[in-house]
Every structure is written in structure tokens, then in C-alpha cells.
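First comes the structure, then the notes that go with it.
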Amino acid sequence: MNENLFTPFSTPTILNQPATIPIILFPAMLVLTSKHPINNRLATTQQNLTQLILKQMMTTHNAKGQTWSLMLMSLITFIAMTNLLGLLPYSFTPTTQLSMNLAMAIPLWTGTVMVGLRFKTKNFLAHLLPQGTPTPLIPMLVVIETISLLIQPVALAVRLTANITAGHLLMHLIGNAALALSTTNLSLTLLTSTLLALLTVLEIAVALIQAYVFTLLVSLYLHNNT
Amino acid sequence: MPQLDTSTWFTTIMTMLPTLYLITQLKLLNTNHYQPPPTKNSNLQSHGIRWQPKWTKTCLPLSQPQQS
């Protein structure tokens, strides 16, 4: 039972060759690039969406923070496409792999810390101590704040992994349960409607990407401006 | 848990890095965002009112008859 449950999350192989390579590359191919001023509906929708997200994300930053806009746009595009494609049945979602999420989170977080340390050292170090703490508590609080800072990349990676994995797992389980109960027609409709509702709620996987990029943004913002 | 099987970690990470940092960024850079063409502000007032207001009288239903 345990083996069957987690096999959708093992990296797929075709004839012992890793199939993860085309699977990870595929969502990037879906981004359309066209040089025409007037495009078809799909390209225009994508362009409008890109500009909307860009404006939403980047207006709170100053000029230095806005140099990160391409990085963050590609991040949110990549994660959104990957998660949405993973909602199709029998597909493999690369963001369920802890390896990939750690490899995304750690360099980006380290980048923000480096920017903050290099350009606003005093402000950055001042963040390790909240305002108005009584003097005897200062050493302990600095340790706590440092730990909470160091845990940010791990939290980013594990949050994404766990959420997507748990959502996929839940859909598998409810689908299997609905199938098993199809002989007794009583609870079938209830379960399939629950599955459908969960599926649409799971398209708040896109909201999770939002959460990912936003938490990254928060740390960037903090390290950059304040 | 198959996610903790580190034998595939190298492949996954090495595929993700160029995808994220190269391909997606290049694709986003290559979409041209054109500004909408500036609309010409044609002066409509010249063709607006084709009659002068003193030629017509608006009669309210319950008003007193005008001296016409």
C-alpha cells in the first residue's frame, strides 16, 4: 500500500533513461514568443497576464529590487506552468521533488542575503533584533532571529514540495476511494463531487506559486529596502 | 519516500537550472511588448451640433405655452 501510494512521485524513466529531462523542459516550451505587434488570442492573453503579474509584483520595489524582475517572473512562470501541468492525470510534477525545490530556494535566498549584506549591512544586521526588547533577552533573541533567517530557504523548499505532494496524494486517494465505492452507488456522487471540488481547490496550486514568489519577494524586499 | 532517493537528484537539479535560468528567461525576454498605438484625438465638436439651439424650443409637457 505504501509502495503503491508514492510511486507517482518517483522520477520517471523511459527504458532506464531519465524522463525527467524532457518533462522539466516541457513547460518552458509552452511560453509563446512572437515578434508581431498584434498576436492571436493566446499570445495576447499570455502577454497581458505577464504584464499584469509583473506590475503586481514589482511596483513595491525600488530600482535596485526591480533588477530582479526577470528572475522572479521566470520563477513564477516556471512554477505555475509546472504545477498546472501536474494536475493532469498520470503526469509527473517536477516540483514534488525536494531536490528541485531546494535547488531553487537556496540560491535565490542566498542571493537576497548577499544583496542585503553587501549594500545595507547595518540595516540587515539590525533586523536580527526586534525593537524594544529588554536588555537581558538580547542574546537569546539574536539567536532566535538568526535561526528564523536561516530556516527561510528550507521552509520555502519544503513548503512547495509538501503542498504539491500532499495535494496530489489526496487526489489519488479520493479517486481510488470513489472508484472502489462505485459498486455501491450511495456515496459515489458525494465522493466524486468532493474530488472535483478538491481539484478546483488544488488549482490554488497557482496560489501556492504566488505564495512561493511572494515569500521570496518579502525576503528580497526586506533585505533590499528597509 | 521516493523523493528522498538522492540518485536522481543530480539529474533533476541539472535539468532545472538551465530551464529556469536560461530558457524561461530567454523566452520572456523575447516577447515584445508593444505599446498600444496612440489614438489621434479628432475634434468631434466641429461635426457635433448641426443646429443652433435657438432654432428649436424644447416644450415641457405641463409648461405654459411659449409666446411663439
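Readers should treat all values here as calculations from the given coordinates under stated rules, not as data from a laboratory. Small disclaimer: the values here were computed from a predicted structure and weren't measured. For neighbour counting, all protein chains shown are included, and Cβ atoms are generated from backbone atoms with ideal geometry for every residue, glycine included.
If one computes the Cα centroid of the range B:19-37 and of the range A:42-100, what distance in Å separates the two points? The range B:19-37 and the range A:42-100 have Cα centres spaced 12 Å from each other. Using only the Cα atoms of the range A:7-225, construct the convex hull and provide its projected area averaged over every direction, in square nanometres to one decimal. Dividing the Cα hull surface by four gives the mean projection, 18.2 nm². For chain A, the dipole from Cβ point charges (+1 on Lys and Arg, -1 on Asp and Glu) about the Cα centre works out to 720 debye, to the nearest 20.
Within 10 Å of the Cβ of each residue in A:28-35, the mean number of Cβ atoms contributed by other protein chains is 5.
Sorting A:187, A:10 from the fewest to the most surrounding beta carbons within 10 angstrom yields A:187, A:10.
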